[in-house]
């Protein structure tokens, strides 16, 4: 419960730019002393900057953003990653898991019509695959409005009933030190369930997310098979991931909708 409250407090600071202890106490319905302790925790994590009587946003705060806000960003990079995944990492007959990220949605578009079983927490991904011959399993649960994802105990319980060949997970932040990170607890939990019930797992993220930090950890790099990113990534960022022990696959940025990407290992 405290982690959920911390998430809400972090979102409140990000939304308003700065809050006073009294404001946060009233908004979250907890004591001022509790807010002070929570702000101290967020400041230790580098997610807010303490001010006299409250806190302000830090350059590293990443809050949940809607699908419409994210889907038009870095489109070429996401398509390149999707082409690599579809051509190199997914074979017909597999059962795979896709989370609710926009990069995962790009992967789904590439896989539509393939002889696969796709388990997903995303309404948008399920809808895009439904008219095709690809089998779709939509995890039940509470529907989160901003992301269009099903989350919560019911979604996690259904996820635990299946076992897939591979999971493809995304998030707003990835670093050698922090691993894959996300901004809200329910999203972290469903991604963790997908990871736990798949034989292999891949982080799929465009290069703009590398080196960034979010609020909550999804997994360490050691927990996944490989990181898949685009060829526009800073070589230093790739080297940092590699030194930490991660396998990194980069997709060439020249990929277009009709050209399959080729895999390049770093």
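Computed quantities for the displayed model
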{"item": "Cα pair count fraction exceeding 26 Å, expressed as % - region 65-197", "result": "15"}
{"item": "Rel. contact order, % - alpha carbon contacts under 8 angstrom, at least six apart, the chain", "result": "18"}
{"item": "Shape category assigned to region 2-57 from the gyration tensor of Cα positions, a/c cut at 1.5", "result": "rounded"}
{"item": "Radius, Kirkwood style, for region 157-218 when every pair of distinct Cα atoms is counted (Å)", "result": "11.9"}
{"item": "Average Cα contact separation per residue, region 190-237, under 8 Å, 6 or more apart, as relative contact order %", "result": "50"}
{"item": "Theoretical FRET efficiency, 1/(1+(r/R0)^6), r = Cβ-Cβ of residue 16 and residue 143, R0 30 Å, to 0.05", "result": "0.70"}
{"item": "Angle in degrees between helix 185-196 and the longest Cα principal axis of the chain, rounded to the nearest 10", "result": "40"}
{"item": "For region 112-266, convex hull of alpha carbons as volume per residue, Å³", "result": "116"}
{"item": "Burial ranking of peptide ranges 199-206, 97-104, 246-253 (average Cβ count within 10 Å, highest at the top)", "result": "97-104, 199-206, 246-253"}
{"item": "Cα-based helix-to-principal-axis angle, 32-44 vs the chain, degrees rounded to 10", "result": "50"}
{"item": "Förster-model FRET efficiency, 30 Å R0, residue 40 and residue 242, C-beta, rounded to 0.05", "result": "0.25"}
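Laboratory data are not the source of any read-out in this text; all were calculated from the coordinates shown. From a predicted model like this one, the values you see are computed outputs, not experimental measurements. Because the Cβ atoms are built from the backbone with ideal geometry, glycine has one as well, and the counts that use them run over all protein chains shown.
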